[in-house]
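Enquirer: Just dropping this structure here.
Bear in mind that the values in this text are calculations on the coordinates, not laboratory data. Small disclaimer: the values here were computed from a predicted structure and weren't measured. Backbone-built Cβ (ideal geometry, glycine too); neighbour counts: all protein chains shown.
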């Protein structure tokens with residue numbers, strides 16, 4: 001199946017220097033893939049001269065005269081940057097010229113523009129951000145990672161429905177195990193929203209496993225495929241894990257560089273340390289999906305390098321192939337129908 | 001200065017098998033320390049026969065006929081276990097017979113009993129749990145770690161005042177740098193409570209540095225000494241970090257045990273890996289303080305081993321020596337006075 005992805009080529013900390021080579025690599029890897037690079041024509045043309053000929057109709061450049069800055073306020077970007085690479089990439093999805101859009105740009109602006117341009121799936125109140133993290137069991141999907149700071153039980157329930165469809169599609173699991181993030185596994189634990197969301201989930205057709213704690217993201221006692229939480233807690237958990245991994249990597253490096261003997265040990269252990277590093281390489285987990293919208297939008301980490309940005313494009317390819325947006329819409333429609341019957 | 005600590009000897013996953021030997025080690029290490037082991041007399045006497053003679057009046061046993069179970073509901077423990085080792089240990093603090101109490105027992109029960117028996121410091125609405133985590137800069141103190149699932153801005157402000165005094169006393173820093181945990185560093189980010197708490201902190205005499213993200217706990221771009229958040233977010237962050245560390249340790253071990261060559265590399269790297277492991281050993285960070293109460297209560301991890309439980313006792317020694325409860329009370333009183341003047 002051929003799929004077309006619009007790339008916000010100007011987004012991210014490094015812009016076209018990263019997005020263009022990553023895009024070309026993806027075109028090489030998948031002969032069914034088509035990409036539209038959106039951004040400053042002059043810059044992009046220069047970077048792809050040879051490639052345009054190589055990939056012929058699989059690579060297009062779409063000019064955009066503006067770009068959204070990384071620290072720009074979402075509302076300013078939404079109102080003032082109608083010809084930005086980000087906006088035009090999303091417009092291409094709305095107009096059916098692209099099946100998904102990938103951007104490493106400003107998260108808040110991307111969410112505001114995506115929501116405004118693509119609109120919500122009927123029945124869903126708010127979009128959410130879902131991503132994947134490595135775990136001792138393989139990996140865990142988690143949402144929301146920051147789109148919604150305050151969530152009602154109903155929002156959390158909707159996140160579970162949507163997230164469940166993403167995990168089914170991406171992991172090819174029939175009934176993903178869903179956990180609700182809490183500060184204990186006992187019934188009495190948690191705040192009002194979480195307790196009420198647990199009731200909704202218990203009475204749903206979802207494969208709800210109960211409360212899980214923060215350690216379940218990477219290494220819990222119970223394996224779950226999807227963890228549901230509000231955007232404040234999810235974002236803090238994600239960044240706490242990033243900080244922990246960074247600290248551990250720093251201390252490991254320090255231990256191996258403390259003197260000549262430890263450096264020699266480091267040389268002996270180098271292939272193993274490299275293998276270990278690859279097993280938790282965050283670049284292999286780059287790419288968060290905005291879900292609940294009538295179109296696919298993948299957010300890459302702003303500081304993504306070429307490999308990480310390729311991972312985000314690859315995620316878009318998988319979600320297009322699996323028709324994630326349609327699956328979410330259908331599941332939401334069925335769930336709502338069943339509810340109205342009650 | 002001599003200090004007396006009441007030990008809930010029956011608490012924790014391993015009870016007296018861990019708490020008694022850890023207590024004896026602490027008595028050996030500090031000739032000014034006195035301990036009261038609270039629990040089943042028959043069991044405790046058997047474990048300390050020789051030691052009682054060695055330490056003479058520095059080691060006492062106080063009988064308690066009950067013990068609080070690890071999964072017991074806080075209210076059941078509060079109402080039904082008036083002769084538990086936990087309750088009696090806390091009573092000793094209230095009655096001035098001990099300067100602090102250390103327990104590895106059920107957190108919820110310990111908090112409920114401590115709050116009931118010791119009462120709150122005037123001006124403080126809720127107790128909070130504060131602990132320390134390693135960071136690339138040294139370490140970071142964080143509160144609340146789970147006592148309060150819903151917090152107003154005023155609660156967060158009170159946590160900052162109390163936490164600031166703990167860090168001053170324990171770290172001997174004149175004006176600890178305080179960060180408020182949020183999902184971004186920009187003003188517009190966060191929920192209503194966090195934004196309102198930021199205003200209170202900006203207008204206070206505290207050394208408030210602004211918002212910090214989850215990665216600041218272990219490895220942020222800005223060093224802060226104290227991070228303030230509500231108990232839901234704090235607990236999830238703490239456990240997410242524990243999970244990340246466990247996963248990384250597992251993957252590192254897997255990498256070194258994958259074949260004969262990696263095992264040989266592991267032997268070469270063993271001293272370095274050991275040094276690395278020590279640098280992030282969670283046992284060296286065991287012990288969370290319940291603050292806001294009119295008496296010192298230290299909670300050890302339930303699964304603490306002998307070394308970890310010693311760390312918790314040592315934390316109690318430091319907080320007694322630094323007179324943390326009095327310092328918090330005085331700071332709260334001054335802050336309230338100044339407020340009334342406004």
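Enquirer: What Rg and what Dmax come out for chain B when only alpha-carbon atoms are used, in angstroms?
Expert: 21.0, 73
Enquirer: Across the residues of B:282-293, average count of Cβ atoms on other protein chains within 10 Å?
Expert: What the average comes to for B:282-293 is 0.
Enquirer: Additional query: Starting from the Cα of residue A:150, move 7 Å in the Cα-to-Cβ direction to define the label point; list residues of the range A:184-211 whose amide nitrogen is under 17 Å from there.
Expert: In the range A:184-211, the label zone of residue A:150 (backbone N under 17 Å from the point 7 Å along Cα→Cβ) covers A:191-194.
Enquirer: Something else: Would you mind giving the mean number of other chain beta-carbons within 10 Å of the Cβ of each residue in A:24-34, as a whole number?
Expert: The shielding value for this peptide is 0.
Enquirer: Considering the Cα trace of the protein assembly as shown, what is its radius of gyration and what is Dmax, both in angstroms?
Expert: Every Cα atom of the protein assembly as shown included, Rg and Dmax give 27.4, 90 Å.
Enquirer: Could you please state, rounded to a whole Å, how far the C-alpha centre of the range B:119-157 is from the C-alpha centre of the range B:271-342?
Expert: So the two Cα centres are separated by 11 Å.
Enquirer: Just to confirm my numbers, what's the Cα centroid distance between the range A:1-31 and the range A:46-94 in Å?
Expert: Taking the Cα centre of each part, the range A:1-31 and the range A:46-94 sit 11 Å apart.
Enquirer: What gaps in nm, shortest first, separate residue B:97 from its twins in the other copies when you place the label 7 Å past Cα toward the beta carbon?
Expert: Label-point separations across copies, in nm and ascending: 8.2.
Enquirer: Enumerate the whole-percent occupancy of each 5 Å bin, from 0 to the last occupied one, for all C-alpha pair distances of the range A:125-285.
Expert: Answer for the range A:125-285: a P(r) of 2, 9, 17, 20, 17, 11, 7, 6, 5, 4, 2, 1, 0 percent.
Enquirer: Add -39500 (n - 2.57) for each DSSP H run of 4 or more in the protein assembly as shown, then divide by its residues: what number comes out at 222 nm, to the nearest 500 deg cm²/dmol? Walk me through the numbers before you get to the answer.
Expert: Values: 23 runs with 340 residues, N = 684.
So the calculated ellipticity at 222 nm is -16000 deg cm²/dmol.
Enquirer: Ok, one more. What gaps in nm, shortest first, separate residue B:222 from its twins in the other copies when you place the label 7 Å past Cα toward the beta carbon?
Expert: 3.8
Enquirer: Counting each pair of different Cα atoms once, what's the Kirkwood radius of the range B:1-141 in Å, rounded to one decimal?
Expert: In the range B:1-141 this quantity evaluates to 15.8 Å.
Enquirer: What share of the DSSP beta bridges in the protein assembly as shown is antiparallel, in percent to the nearest 5? Can you show the working numbers first?
Expert: Values: 26 of 86 bridges.
Roughly 30 percent of the DSSP beta bridges within the protein assembly as shown come out antiparallel.
Enquirer: Per-residue mean of other chain beta-carbon atoms within 10 angstrom of the beta-carbon, peptide A:205-218?
Expert: 4
Enquirer: Antiparallel as a % of all DSSP beta bridges within the range A:125-285, to the nearest 5? Intermediate values should be presented prior to the final figure.
Expert: Numbers: 6 of 16 bridges.
Antiparallel: roughly 40 percent of the beta bridges in the range A:125-285.
Enquirer: Let me ask another. Taking a point 7 angstrom from the Cα of residue B:125 along the C-beta vector, which residues in the range A:175-196 have backbone N less than 20 Å away?
Expert: A:190-194
Enquirer: According to the Kirkwood expression over distinct Cα-Cα pairs, how big is the hydrodynamic radius of the range A:97-177, in Å?
Expert: About 14.2 Å for the range A:97-177.
Enquirer: From the label point of residue B:326, set 7 Å along Cα to the beta carbon, how far off in nm is each other copy's matching point, shortest first?
Expert: 7.4
Enquirer: While we're here: If you split all Cα-Cα distances of the range A:1-77 into 10 Å bins from zero, what percentages do you get per bin, shortest first?
Expert: 18, 52, 23, 7
Enquirer: Please give the contour-minus-distance gain from residue B:259 to residue B:75: 0.36 nm per residue of separation, less the Cα-Cα distance, rounded to one decimal in nm.
Expert: 61.0 nm
Enquirer: Another one. Give me the percent of DSSP beta bridges within chain B that run antiparallel, rounded to the nearest 5.
Expert: Numbers: 13 of 43 bridges.
In chain B, approximately 30 percent of DSSP beta bridges are antiparallel ones.
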